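Colleague: Supplied in structure tokens, the structure appears directly below.
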Ligand code: NAI
């Protein structure tokens, strides 16, 4: 029987690469997203709607079981704490944290029943280090690192593993939108900004979504069966500085 992976936010960027990579590896991939995609089985679902996530996951779990959950849906928001309104904080938390909580909570009964499962949170290097003008995003990604640790401890007895992948700067629509917004506001030269971003990374370039997908696939697999509660940094050396 094919293994089953549920991914959130699998229609773009890192999530899309993960969906493609898992499909190629032979997984049945179910993608809960608000924007459509031709990869895997698309299920329109807003991760902030806890009841909708539970409903979708329940149906999938009953039909197919759930081997892996990749909680990836997320948004970026640039501002320091003073410029972050309560509405901004709530929006970032609802998608980045509450969405992960909803997906995890919905998947766990099926994984417990199977006595196996791997949960992977796509967090960020900002779960490990602080970055400027990134108050709400940083907080939300640190929360995902915490979710990986506590879920790993609570569910190890059921042979369920939970880990967080912490990517550095990865070239995706989220990255390009953030750069475009910065260029619009500052009037900076876009090519120069891209070069500066690459130069910030010790390896001298941005990461690619496929590189994050390969690590995620490894964590889902039996090759990683002794890895749980960990933060896996994939950032070209950024956080080693
Ligand atoms: P992206 O913007 O290309 O893709 C995000 C996906 O999440 C989209 O398909 C979007 O429709 C979906 N999504 C957004 N809100 C949703 C909601 N309420 N319900 C369901 N789906 C929703 O972004 P990217 O860059 O691929 O990011 C994916 C994850 O990786 C995010 O959690 C992000 O924070 C994280 N990340 C990204 C980095 C980067 O440099 N691109 C670096 C570190 C972490």
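Colleague: Under a point spin-label approximation (7 Å from Cα along Cα-to-Cβ), what is the residue 200-residue 23 distance to one decimal in nm?
Modeller: According to this spin-label approximation, the distance is 3.2 nm.
Colleague: When the chain is fully extended, how far beyond the present Cα-Cα distance does residue 112 get from residue 132, taking 0.36 nm per residue of separation?
Modeller: My answer for the length gained is 3.2 nm.
Colleague: While we're here: Kirkwood hydrodynamic radius (Cα pairs, Å) of the range 1-48?
Modeller: 10.3
Colleague: Going by how many other Cβ atoms sit within 10 Å of their own, how do 70, 128, 29 line up, fewest first?
Modeller: Neighbour counts put them in this order, fewest first: 128, 29, 70.
Colleague: Taking other Cβ within 10 Å of each residue's Cβ, how do 5, 107 sort, fewest first?
Modeller: So the ranking, lowest neighbour count to highest, is 107, 5.
Colleague: State whether the range 138-202 is rounded, prolate or oblate according to the following rule on the C-alpha gyration tensor (a ≥ b ≥ c being the square roots of its eigenvalues): a/c under 1.5 gives rounded; otherwise a/b larger than b/c gives prolate, and the remaining case gives oblate.
Modeller: Judged from the Cα gyration tensor, the range 138-202 comes out prolate (a/c at least 1.5, a/b above b/c).
Colleague: Right, something else. Taking the number of other C-beta atoms within 10 Å as the exposure measure, put 97, 47 in order starting with the fewest.
Modeller: Final ranking by Cβ density, sparse to dense: 97, 47.
Colleague: In the chain, how does Rg compare with the Kirkwood Rh, expressed as the Rg/Rh ratio over alpha carbon atoms?
Modeller: My calculation puts Rg/Rh at 0.96.
Colleague: Using alpha carbon coordinates only, what is the Rg to Rh ratio of the range 170-241, with Rh defined as the Kirkwood radius?
Modeller: 1.09
Colleague: On to the next question. Among 182, 27, 121, which one shows the biggest mean-square fluctuation in a GNM of the chain, springs joining Cα atoms closer than 10 Å?
Modeller: The residue that fluctuates most here is 182.
Colleague: Can I ask one more? With each pseudo-label sitting 7 Å past Cα toward Cβ, what's the residue 176-residue 91 distance in nm, one decimal?
Modeller: 2.1
Colleague: Also, quick follow-up: Which order, highest average first, do 54-62, 221-229 follow once you tally other Cβ atoms within 10 Å for each residue and take the mean per peptide?
Modeller: Peptide ranking by packing, descending: 54-62, 221-229.
Colleague: Quick check: Cα centre of the range 103-120 to Cα centre of the range 130-185, how many Å?
Modeller: Here the answer is 20 Å between Cα centres.
Colleague: Given 0.36 nm per residue, what is the gain on full extension from residue 58 to residue 44 after removing their alpha carbon distance, in nm?
Modeller: Between residue 58 and residue 44, full extension yields an extra 3.6 nm.
Colleague: Here's a follow-up. Given Cα pairs under 8 Å that are at least 6 residues apart, what percent is the relative contact order of the range 114-221?
Modeller: Reported as a whole number, the value is 30 percent.
Colleague: Residue separation times 0.36 nm, minus the C-alpha to C-alpha distance between residue 158 and residue 240: what's the value?
Modeller: 26.1 nm
Colleague: Still on this model: Which whole-number percent is the relative contact order of the chain (Cα, under 8 Å, 6+ apart)?
Modeller: 20
None of the figures in this text is laboratory data; all of them are computed from the coordinates on show. No experiment lies behind these values; they were computed from the predicted model shown. Counting neighbours? That spans all protein chains shown, and the Cβs are built from the backbone with ideal geometry, glycine included.
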